[in-house]
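Heads up: the structure comes next, in structure tokens.
The values are calculated or read from the model by the stated rules, or taken from the named source; none is laboratory data. If you're wondering where the values come from, they're calculated on a predicted model, not measured in any experiment. Because the Cβ atoms are built from the backbone with ideal geometry, glycine has one as well, and the counts that use them run over all protein chains shown. Surface accessibility is based on the protein's heavy atoms, side chains included, excluding ligands, DNA and RNA. Shrake-Rupley method; radii C 1.70, N 1.55, O 1.52, S 1.80 Å.
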Amino acid sequence: MTCTQEKKARIRELNDQLRQSLTGGRIMMTSGVEALGQSVVSQLFDLLRRYNQFDEGNDPYGEHDFGAFDHGGQKFFWKIDCYDLSMEFHSEDASDAKKTVRVLTLMLACEY
């Protein structure tokens, strides 16, 4: 495995940890998602944690940082962004959890 492949694998691991356990970063939702109510939001986060439909179309870099799913007749997107510790810029090394703040955002597709 090359250095780049190792970094990509580590980024994927950290992103999966955040998505599946909702730990290792910050979790955000848009106002449109929040307005759906706590019961629906809980269902959405359950779908998010179980999400595993990664392919070349939605995950071209193999980092598991974006996905889409349907629920209740609506389409939802989620994405993970990696910032530096001050959250001013993108992380200089997203494979290094000590240099990166991960932010997962769940949104209605129409809010993207």
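Annotations for the structure displayed:
- Against the list (1) in contact with a Lys or Arg (Cβ under 7 Å, 6 or more places away or on another chain); (2) open to solvent by less than 80 Å² (accessible area, probe 1.4 Å); (3) part of a loop (DSSP other than H, G, I, E, B), the condition residue 92 fails is (2).
- The residues of region 96-107 that are of a type outside the set (Lys, Arg), open to solvent by 20 Å² or more (accessible area, probe 1.4 Å) and more than 13 Å from residue 28 (Cβ to Cβ), listed by number, are 96, 97.
- Yes/no for residue 40 being of a type in the set (Val, Ile, Thr), farther than 23 Å from residue 96 by Cα and open to solvent by 30 Å² or more (accessible area, probe 1.4 Å): yes
- Residues located in region 70-82, provided they are in contact (Cβ under 8 Å) with a residue 12 or more places away in the chain and either within 13 Å of the chain's Cα centre (by Cα) or not in a strand (DSSP E or B) (or both): 72, 76, 77, 78, 79, 80, 81, 82
- Qualifying residues in region 53-71 (those that are of a type in the set (Gly, Ala, Ser) and under 14 Å from residue 107 (Cα atoms)) - the one most open to solvent (accessible area, probe 1.4 Å): 68
- Restricting region 1-26 to residues that are open to solvent by 60 Å² or more (accessible area, probe 1.4 Å) and of a type in the set (A, V, I, L, M, F, W, C), the residue that is nearest to residue 91 (Cα to Cα) is 3.
- Residue in region 31-38 that is in contact with a strand residue (DSSP E or B) (Cβ under 8 Å, 6 or more places away or on another chain) and free of Cβ contacts under 8 Å to residues at least 24 places away in the same chain present: no
- Of the residues examined, residue 63 is not one that is at pLDDT below 95 and either within 18 Å of residue 20 (Cα to Cα) or acidic (Asp, Glu) (or both).
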